[in-house]
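Below: the structure, in structure tokens.
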Amino acid sequence: MINDKSLLPVIALRGVTILPGMIIHFDVSRKKSIKAVETAMMDDQTVFLVTQRDSDLEEPDINDLYSIGTESYIKQVIKLPQNVIRVLVEGKKKAELLSLEMEEPCLQGRIERIETENAEDLPQPVAEAMYRTMKDLFERYSRESGKIGRELASQILDTQNLNELMESISVNLSLTCEKRQHLLEAQTLEEEYEILGALLSGEIQVAVYAKELQKKVKERIDKNQREYMLREQLKVIREELGEDNTVDDAQEYLTRLEALQAPQEIKDRIQKEISRFRTLGGNAAETNVSRGYIETLLSLPWNKSSKDNEDLKAAAKILEEGHYGLKEVKERILEFLAVRKLTHKGKSPILCLAGPPGTGKTSIAKSLAEAMGKKYVRVCLGGVRDEAEIRGHRRTYVGAMAGRITAALQQAGVCNPLMLLDEIDKTSSDYKGDTSSALLEVLDPEQNSHFNDHYIDMPQDLSEVLFIATANDAGAIPRPLLDRMELIEISGYTENEKVHIAEKHLIPKQMDINGIEKGRLVIRRAAISRMINHYTREAGVRNLERTIGRICRKTARMIMEENRKRVVVTEKNLTDFLGKERYNFLMANKKDEVGIARGLAWTQAGGDTLQIEVNVLSGKGDVILTGRLGDVMQESARTGMTYIRSIAYKYGIDPEYFSGHDIHVHIPEGAVPKDGPSAGITMATAMLSAVIDKPVKADLAMTGEITLRGRVLAIGGLKEKLLAARYAGIHNVLVPEDNKADIEEMDAEILEGLNIRFVGTMENVLSSAIA
């Protein structure tokens, strides 16, 4: 019901809503609000209080104010420091703000009073039901919440009129500004009743939940206090028995378990083990075993991982700076990084780097870890022959411990490190088990997500680990194990590559190790080349680094003893630093000779040339083989002999010639074992040369396997063999036709100065080799 209209000073309230019947004080600091108070005090002390929609506004207009407010009477005004006044008001009537008539010096608005509907106007049963329900709700609220004092609650409950009861409850109920405004805007008594009832019911529900939560918290606190008292008593008992460390350790383990990043089932298992450990006595033999087991479990990186570097350019730069060459390895890692960046997933590749010693297999793994932002751990498998070294020992054994894979993860501290399995071809087996078979599960991407270490006895996820294996001889790795890895052959370095590696990496590194400042030692390129050819014989650069280290040590002594400012090492004075030359390549013969042919061989130290010598002498048709030849090489020699006899008629040789002559095949350096089929065509050529007494070209080397019918088969280690031919000063090389693809993949630097001829049969070989 709407009543008369009046013009009253208006105060915009921030965060406060005044209800009729409410007595409250608030502070006023805005000039317009202070002026409104003063204007009201000079009149009849009546003011209209209305709430702002946005409490942050300093200058609200009519659109920023709620339309419904309260006509109030100012009971008291107190001046406070800093131009603030405190106003005590009493809400009188609900009113609607129709318009703002004035905005300066204060807000004055035209309001229209709203008369509240009287309960007596409602039907008696309805009014009675509303009264009883509201009374019951308030009674329950005051009982459950405890926010209303008993005396005040009794006073409110004694109210007989529904309007007065609802007004008293509204004033004393703890409500937010928004809820009070909602209550104020109710247009009828029934609507106000519904809003107030809903608010009371909500507050009752909150109070019930709060009580339940408080009860649970109290029970937990009581339980913790009880456990604390029992622990303290138990601690005193254990101290008397000398067993006080176990409880302290168990508590420490529980603290570490809370911080552990691991699946919930793993945490549950560890929790059980800690509980079991707590019950063990300090003198129990099993206590130390249990302590070691728990510490191992807590130190494993179950779900803790490091973030991989996905910047391909930065990774490529690190790889190039750390290593010269090794193009295929670098490309494979960058491909993996590109796939990982595109898909944000992808299984880590399992790479096997196979090549001679000193070619940078182990060090490239460190650079890969740095380039990818991964932790680096190395597991040396050389000489490992017990399966338990990989899978761990069962805890039933005395001195049991986790396997090397688990220990490496523990050392890395993350579940996605780069793990180097060094010398994987040097593993062996005995009655205790096969090491390579144990590695099958580790290196299988389909299985290693649930790797089970016997000691841990819980599945570990190795799928995020980037495994890099190294080997000198891929042929020594069991086939099932090799099948699980991506094999990357790392062949020996060329002389030019070794020179670059020495200049960019080895010389600066050794100068730093030996304390020689930059510029005080200069090693000329010719001296480096001489070191490579005459002081080291290897596919890698390990001995070259040691040789450079010798020069650096002698230089350091010169600087200290002779006060030398700068030392220059040239090809001429190299012997002053390193002594006489240690190696001389078997250079190409100066003239063509009968029965002597030059073969090419692969060794773990790189390539080499073999001079095969054949003599024919009277005898009984025997083939004599000397020079410590292996079984395969001896068979190649006999195969070559059979082929020579089968084509003897083409060269006018008497069929009875072979039954009356012995043929002696010898390969010098008899102390060095030699084996393999690749010298087959060389031995056959040398034997035919000796039989028909025609020389073999001196400036020619060859490699290839021979068959009984004279076909030439493909061989391996071609890069090293061609490098050996270059070092020996040989310019013409016969290579099996089946190796043509290998030649096409080689760098031009390796083939420079070599005339490569492809041969498919012995006829091609003999026509090119016999002078």
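On a 32 Å Cα-Cα criterion, which of the cross-link pairs LYS366/LYS565; LYS697/LYS719; LYS620/LYS740 come out too long?
On the way: LYS366/LYS565 36 Å; LYS697/LYS719 22 Å; LYS620/LYS740 41 Å.
Listed pairs above 32 Å: LYS366/LYS565; LYS620/LYS740.
Test of understanding: given the chain, find the longest segment containing no chymotrypsin sites (Phe, Trp or Tyr not before Pro) that are in a DSSP loop and have at most 12 other Cβ atoms within 10 Å.
Values: sites that count: TYR397, TYR431, TYR583.
Counting at most 12 other Cβ atoms within 10 Å as exposed, the longest clean stretch of the chain is 1-396.
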Q) Roughly speaking, to the nearest percent, how much of segment 1-123's 1.4 Å accessible area is carbon and sulfur? A) 47 percent
Q.
Given contacts defined as C-alpha pairs under 8 Å and at least six residues apart, what's the relative contact order of segment 683-771, whole-number percent?
A. 37 percent
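Taking the Cβ of LYS361 as the centre, find all other residues whose Cβ is under 12 Å away and add up their charges (Lys, Arg: +1; Asp, Glu: -1). Each step should come with its number before you reach the end.
Working: positive: LYS366, ARG378, ARG542; negative: ASP422, GLU423, ASP425, GLU489.
That works out to -1.
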Q.
Restricting to DSSP loop positions (anything but H, G, I, E, B) with no more than 11 other Cβ atoms inside 10 Å of their own Cβ, which GluC sites (Glu not before Pro) remain in segment 487-591?
A. GLU517, GLU562
Q: Take the alpha carbon atoms of segment 149-193, find their center, do the same for segment 565-602, and report the distance between the two centers in whole angstrom.
A: 110 Å
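If you take every residue apart from ASN224 with its C-beta less than 12 Å away from the C-beta of ASN224, what net charge results, scoring Lys and Arg +1 and Asp and Glu -1? Please report the intermediate quantities before stating the final value.
Numbers: positive: LYS218, ARG220, LYS223, ARG226, ARG231; negative: GLU219, ASP222, GLU227.
Once all neighbours under 12 Å are counted, the net charge is +2.
Roughly speaking, what is the stretch gain from MET746 to ASP54, that is 0.36 nm per residue apart minus the C-alpha to C-alpha distance, in nm to one decimal?
Numbers: separation 692, 0.36 × 692 = 249.12 nm, distance 7.77 nm.
Full extension from MET746 to ASP54 adds 241.3 nm.
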Q) Counting Lys and Arg as +1 and Asp and Glu as -1, what is the net charge of the other residues whose Cβ lies under 12 Å from the Cβ of TYR131? A) -2
(Q) Under a crude label model (7 Å from the Cα following the beta-carbon direction), how far is VAL623 from ARG645 in nanometres? (A) 0.8 nm
Q.
Between segment 118-148 and segment 447-492, what is the separation of their alpha carbon centroids in Å?
A. 78 Å
Q. Any idea of the accessible area per residue across the chain, 1.4 Å probe, to the nearest Å²?
A. 52 Å²
Q) Hey, rough spin-label estimate for GLN76 and ARG220, points 7 angstrom out along Cα→Cβ, what's it come to in nanometres? A) 4.5 nm
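Counting other Cβ atoms within 10 Å of each Cβ, which GluC sites (Glu not before Pro) in segment 261-345 have at most 15 and sit in a DSSP loop?
GLU310
Taking 0.36 nm per residue of separation and subtracting the Cα-Cα distance, what length does fully extending LYS267 through TYR657 add?
Working: separation 390, 0.36 × 390 = 140.40 nm, distance 8.45 nm.
This chain segment gains 132.0 nm when fully extended.
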(Q) Using 18 Å as the Cα-Cα cut-off, could you pick out the over-long pairs in LYS374/LYS426; LYS304/LYS375; LYS317/LYS518; LYS591/LYS721; LYS518/LYS554? (A) LYS374/LYS426; LYS317/LYS518; LYS591/LYS721
(Q) Please give me, ordered by residue number, the trypsin sites (Lys or Arg not before Pro) of segment 676-740 that lie in loop per DSSP and have at most 11 other Cβ atoms within 10 Å. (A) ARG709
Q: Any chance you could check the Cα centroid distance between segment 356-371 and segment 648-723 for me, in angstrom?
A: 39 Å
Q: Tell me the label-point distance for the pair GLU310, TYR583, using the 7 Å Cα-to-Cβ offset, in nm and rounded to one decimal.
A: 4.6 nm
**Q.** Over 19 Å between alpha carbons, listed pairs LYS147/LYS211; LYS307/LYS504; LYS31/LYS79; LYS32/LYS94
**A.** LYS307/LYS504; LYS32/LYS94
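Jot down the per residue volume, in cubic angstrom and as a whole number, of the convex hull over the alpha-carbon atoms of segment 429-577. Mind dumping the intermediate values first?
On the way: hull volume 28.8 nm³, N = 149.
Output value, Cα hull per residue: 194 Å³.
The values are calculated or read from the model by the stated rules, or taken from the named source; none is laboratory data. What you are looking at is a predicted structure, and each value in this text was computed from that prediction instead of being measured. Positions of Cβ are backbone-derived with ideal geometry, glycine not excepted, and every protein chain shown enters the neighbour counts. Remember, those area values only see protein heavy atoms, side chains included, never the ligands or the DNA or RNA. Shrake-Rupley method; radii C 1.70, N 1.55, O 1.52, S 1.80 Å.
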